[in-house]
1. Can you give the accessible area per residue of region 206-308, in Å², using a 1.4 Å probe?
2. If contacts are Cα pairs under 8 angstrom and at least 6 residues apart, what is the relative contact order of the chain in percent?
3. Report relative contact order for region 223-311 in percent, whole number only (criteria: Cα-Cα under 8 Å, sequence separation at least 6).
4. Note down the nm distance, to one decimal, between modelled labels 7 Å out along Cα→Cβ at residue 97 and at residue 74.
5. In region 112-260, how does Rg compare with the Kirkwood Rh, expressed as the Rg/Rh ratio over alpha carbon atoms?
6. Express in nm, to one decimal, how much length is gained between residue 257 and residue 236 on full extension, taking 0.36 nm for each residue of separation and deducting their alpha carbon distance.
7. Throw me the Rg/Rh for region 233-313, computed over C-alpha atoms with Kirkwood Rh, two decimals.
8. Go ahead and run the numbers for FRET between residue 90 and residue 58, Cβ-Cβ distance against an R0 of 45 Å, rounding to 0.05.
Amino acid sequence: MKDVVLQNIRKTYNKESVVAVDDVSFEVEKGELFGLIGPDGAGKTSLFRILTTLLLPDGGEAFINGHHVVKNYKTIRNHVGYMPGKFSLYQDLTVQESLTFFATIFNTTVKENYELIRDIYVQIEPFKNRKAGKLSGGMKQKLALCCALIHKPTVLFLDEPTTGVDTVSRQEFWEMLKRLKRQGITILVSTPYMDEATLCERIALIQQGRVMSIDTPQKIVSTYPDKMYAIKADNMSQLLKELHKSPLIKSANSFGEYHHITFNKGKMDSYTELLDNLKKANFNDTEIKEINPAVEDCFIHLMQQNNDQRSSN
């Protein structure tokens, strides 16, 4: 059964001068952990607000648990949980008061659904009398998740839940999502962090309101068309400029301590020639190795491909 269905969803702003969501269609299976991956401004929040009935689409249709997001919005609001990207709980309510407030809104109690949030709540319980506004970023995140779950939703929407929190809190959060998935909840999570894509069962790569690819992270990576290499030298910023000028190089992008490169067709085994050229250009300590592409490499490739298509139209 499909818990979430989007059919040609479109959303614009400023009298249609800004296209936030452009003809987006995809489906999410019941119990699936689905990721919407893209940078800021890609359209992720607009999509989530449409699916949670907080925003009307300008075109297309969407369904949650078989219910139309416009015609059946009241029913949907009782069955979805939504955690927006910005912490939006009342700052002057304590942890305990926040949970009780949200439980009351949905005509339930904390006790009734405690088992669903227990693993998360035990981590913030020592601070149950602290006001929400005084919590750390990681604790705010956990409280917001508890409040989104307190009415036992069938579908959970998490809009960039790990933005602005430390690495340990990010890892803990994804572990919590895996446990929630085992309880049968369908989870849609958006993130700008490409490394989090591999933690989802399927992902949609979105840029400028358009979905560029939908599949498992492994299958998306497997479609990358070229051999990829990682290269570094003593002057990385100058190295990137040199790589962009080289006729041997098809693409060059900075990735942490390395630059990721691909060679032009017919030049795929030309790294020896490249090393010689870099040595002549006075680069020292140069290192190059073949690597497997990551989701971020695929995203950049698809983005450039889409930009080239738009330029040619």
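1. It amounts to 56 Å² per residue over region 206-308.
2. RCO, the chain: 19 percent.
3. On the way: 100 pairs, mean separation 32.4, N = 89.
It rounds to 36 percent for region 223-311.
4. Result: 3.1 nm between the two label points.
5. Checking Rg against Rh, the ratio lands at 1.09.
6. 6.7 nm
7. 0.99
8. 0.90
The values are calculated or read from the model by the stated rules, or taken from the named source; none is laboratory data. Model, not experiment: these values are computed from the prediction. As a convention, Cβ positions derive from the backbone with ideal geometry for all residues, glycine included, and neighbour counts pool all protein chains shown. For the accessible areas, the whole protein counts, side chains as well, though only heavy atoms, and no ligand, DNA or RNA atoms are used. Shrake-Rupley method; radii C 1.70, N 1.55, O 1.52, S 1.80 Å.
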